[in-house]
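The values are calculated or read from the model by the stated rules, or taken from the named source; none is laboratory data. The structure presented is a predicted model; accordingly, all values stated were derived computationally and were not measured. All Cβ positions, glycine included, derive from the backbone under ideal geometry; neighbour counts span all protein chains shown.
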Amino acid sequence: MLHGDMKFTYKEINAGANSVANSLLRLGIKKGDKVCVIMTNSVEYFHTWFALAKIGAVIGTDQHRLERKLAQTYHSKLGHLRSDR
């Protein structure tokens, strides 16, 4: 994967995803939980996306709509939020 001037192998992305997955599990996120992800396209976004997939969480990433309606969506339907903002 390329991000700007940086290059990452699948092994590096997987290691980052495992680290994030372990952190999310410690926070209580589990299989089937709905998690809203609002992040810019970055290596951390891929770590988070793969981490949630490994856990089996439901990933919400509708960036443009969620940014406008974050409070509504978060409070009514989502149990967790991960953001880089």
* Return yes when LEU66 is surrounded by 15 or more Cβ atoms within 10 Å (Cβ to Cβ) and modelled with pLDDT under 85 and no when it is not. => yes
Matching residues in the range 14-49 (of a type in the set (A, V, I, L, M, F, W, C) and either assigned to a loop (DSSP other than H, G, I, E, B) or surrounded by fewer than 16 Cβ atoms within 10 Å (Cβ to Cβ) (or both)) number 6
For the range 1-13 the number of residues that are surrounded by fewer than 13 Cβ atoms within 10 Å (Cβ to Cβ) and free of Cβ contacts under 8 Å to residues at least 40 places away in the same chain is 8
Cβ pairs under 7 Å, 6+ apart or interchain, first in the range 30-59 and at positive phi, second at pLDDT below 90, ordered by first then second residue, are GLY32/VAL58
